[in-house]
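Presented below is the structure to which this report refers.
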Amino acid sequence: MIRLLEFYPENLNLNGDRGNLLVLQRRLEWAGIDVERFTHRAGQPLPATRPDFVLIGHGSPAAWRQVYADLAKNIDVLEQWMKQGTQVLAVSSGFAALHGLISGLPASIDRKERVSRFEAVETAGGELVGYLNSDLDLPSFLQIENLTATLLHGPLLAKNVWLADAMVEKMLESKPEMVGKANEAKFTFVQSLAAGASKLARELAAE
């Protein structure tokens, strides 16, 4: 069983960030992997069983006023999970919120003139495309061990299935018994859609 956990789903889905979790869920299921998808809301206890993946999406300042204290309260557990192998994807304000809370990130963030455009970013794994709409002085994409953080919306994993598959492969490294036979027809269809979305985003980024 692969466990996918979403933090504050009603608060942190400003730009369709929950789609990232759906992409991972579907790709795991098509590969024959059992998936449990669950949520954490402010004031609730964290699950007793360590999840394999955590999504922290993007929300408004008002939304963060409702959930930030809960995130700060639970950050030690989140960091421990990451040390044990849990992958975390933090999007935009979710990325910003981790500053000052977890090791490896600065305690404060500067602001700059807002940028609103499609963007293509070269990473160690490949080209990443998405929509950038932010005034945060942060990198568009950052990976530190099991933390993946980005300012790009879209949702990101729907346009960049290579990153989704890299995350899936990492989840399964410690659970080889779960690897089933992938449904290649579905993968090919989804990859064609993702390739089309990526091509359009790259064209818009070049304008």
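The values are calculated or read from the model by the stated rules, or taken from the named source; none is laboratory data. What you see is a predicted model; the values in this text were computed from it and never measured. Ideal geometry is used to build each Cβ from the backbone, glycine not excepted, and the neighbour counts take in all protein chains shown.
Looking only at the stretch 154-164, residues that are closer than 16 Å to Gly19 by Cβ and part of a helix (DSSP H, G or I) come to 7 in all.
Apart from one condition, Ala69 fits all of (1) surrounded by 13 or more Cβ atoms within 10 Å (Cβ to Cβ); (2) small (Gly, Ala, Ser); (3) modelled with pLDDT of 95 or more; the exception is (1).
Within the stretch 110-124, if we keep just the residues that are loosely packed, with under 14 Cβ neighbours inside 10 Å and not in a strand (DSSP E or B), the residue that is farthest from the chain's Cα centre (by Cα) turns out to be Asp110.
Is at least one residue of the stretch 128-136 modelled with pLDDT under 95, over 16 Å from the mean Cα position of the chain (by Cα), buried (at least 21 other Cβ atoms within 10 Å of the Cβ) and farther than 30 Å from Met1 by Cα? Yes, the conditions are met somewhere in the stretch 128-136.
So how many residues does the stretch 18-65 have that are surrounded by fewer than 17 Cβ atoms within 10 Å (Cβ to Cβ), more than 15 Å from the chain's Cα centre (by Cα), at pLDDT 90 or above and part of a helix (DSSP H, G or I)? Total meeting the criteria: 3. Residue by residue through the stretch 1-49, note down the ones that are free of Cβ contacts under 8 Å to residues at least 60 places away in the same chain, over 22 Å from Gly130 (Cα atoms) and out of contact with any strand residue (DSSP E or B) (no Cβ under 8 Å at 6 or more places or on another chain). Correct list: Glu10, Arg41, Ala42, Gly43, Gln44, Pro45, Ala48. Provide a single number: the residues in the stretch 137-153 that are touching a helix residue (DSSP H, G or I) at 6+ places or on another chain (Cβ under 8 Å), assigned to a strand (DSSP E or B), hydrophobic (A, V, I, L, M, F, W, C) and buried (at least 18 other Cβ atoms within 10 Å of the Cβ). Qualifying residue count, the stretch 137-153: 2. Go through the stretch 113-132 and give me each residue that's in contact with a Ser or Thr (Cβ under 9 Å, 6 or more places away or on another chain) and in contact (Cβ under 8 Å) with a residue 24 or more places away in the chain. Selection gives Glu119, Ala120, Val121, Glu127, Leu128, Val129, Gly130, Tyr131.
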